[in-house]
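Structure incoming, see below.
The values are calculated or read from the model by the stated rules, or taken from the named source; none is laboratory data. What you are looking at is a predicted structure, and each value in this text was computed from that prediction instead of being measured. Here the Cβ is made from the backbone with ideal geometry for all residues, glycine too, and neighbour counts use every protein chain on show. Just the protein is used for accessible areas: all its heavy atoms, side chains included, with ligands, DNA and RNA removed. Shrake-Rupley method; radii C 1.70, N 1.55, O 1.52, S 1.80 Å.
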Amino acid sequence: MDIVHYNEARKIWQRIARTDQNIEMPTDAELHARFLNIFQVGSYYHYIFNCITGTIESVSDNVHEVLGYKPDEFSVELLLHNMHPDDLPYFMNFEHEVVNFFAKLKPEDVFKYKVRYDYRVKTAGGNYIRLLQQVITIQSDDNGAVLRTMGVHTDITYLKAEGVPQLSFIGSDGAPSYHNVAVHKVYEPTKEILTRREKQVLSYMVQGYKSKEIADIISISKQTVVTHRRNMLNKTGSASAAELVMKALREGWI
């Protein structure tokens, strides 16, 4: 399921880049000047994101302090995989809104805006923290396409332990700011249709185990396994176990 979200996100980022041809990054001096526009209020790390390729090109060493991962382990795929499932639709919708917002800006105004929103991410230790994501454009073309961004992820769990993610566009150099922007819902949360036990049974079905073998492995009766299989067929509208397994693999239910 994570690769599906990543591919969808890449489509969004390629829209804001308006090209699939990679371009060299700005100098360190330019990056440093842009970085000073981001204010940190807690433990943080920063990174460079390539909108064309949909990849993180570099990340600071203190990502380990915040998330518990080494810099060479950190990637967009890891971030999406560890994002709280309730916050993932917000992330996707926010990114979609960001593209629409920047598409309406004049080329000279692209560098005037900082994008800010929050979401929860699971650390290497298994606990969720809330990150404040602040992103600025560090490279654009003459038409205002965003090619590279610099982002900062700050742990704000102590400031906002609860509540829904919120999106804001913060203007500078006289540009207006837009706080708590109302976002059009393009991506809806996926409702869980299978119980934890059904998913457990299904995971063994995918591996080719028979009902009796599954029953022995997870210490329940064969009849209970048969009941779970029948319920999953009904819930998913599958005509056979083979169709159920194919749907599970395609939809990422396990």
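Of the residues A215, A182, A175, A241, which single one is of a type outside the set (F, W, Y) and closer than 19 Å to D86 by Cα?
A182
Go through region 50-88 and report how many residues are at negative phi, of a type outside the set (D, E, K, R) and open to solvent by 20 Å² or more (accessible area, probe 1.4 Å).
Kept after step one, since they are at negative phi, are these residues of region 50-88: 50-53, 55-67, 69-88.
Checking which are of a type outside the set (D, E, K, R) leaves us with 50-53, 55-56, 58-60, 62-64, 66-67, 69, 71, 74-76, 78-85, 88.
Of the ones still in play, those that are also open to solvent by 20 Å² or more (accessible area, probe 1.4 Å) are 53, 55-56, 58-59, 62, 64, 69, 71, 75, 78, 81, 84-85.
Qualifying residue count, region 50-88: 14.
Now for a separate question. Out of region 130-145, which residues are more than 26 Å from D61 (Cβ to Cβ) and out of contact with any Leu (no Cβ under 9 Å at 6 or more places or on another chain)? Talk me through it step by step, then tell me what you get.
Within region 130-145, the subset more than 26 Å from D61 (Cβ to Cβ) is 140-145.
Answer for region 130-145, where residues must be more than 26 Å from D61 (Cβ to Cβ) and out of contact with any Leu (no Cβ under 9 Å at 6 or more places or on another chain): D142, N143, A145.
Cβ-Cβ distance below 7 Å, separation of 6 or more or different chains: which pairs start in region 216-240 with a residue that is among the aliphatic types (A, V, I, L, M) and end on one that is open to solvent by less than 50 Å² (accessible area, probe 1.4 Å) and not in a helix (DSSP H, G or I)?
Hits for this filter: M232/L194.
What residue, of V110, V115, V121, is part of a helix (DSSP H, G or I), crowded, with 17+ Cβ neighbours inside 10 Å, of a type in the set (A, V, I, L, M) and touching a strand residue (DSSP E or B) at 6+ places or on another chain (Cβ under 9 Å)?
It is V110.
Still on this structure: For region 125-147, give me each residue that is out of contact with any Asp or Glu (no Cβ under 8 Å at 6 or more places or on another chain) and either in a strand (DSSP E or B) or closer than 18 Å to H46 by Cβ (or both).
Passing the criteria: Y128, Q134, V135, I136, T137, Q139, S140, V146.
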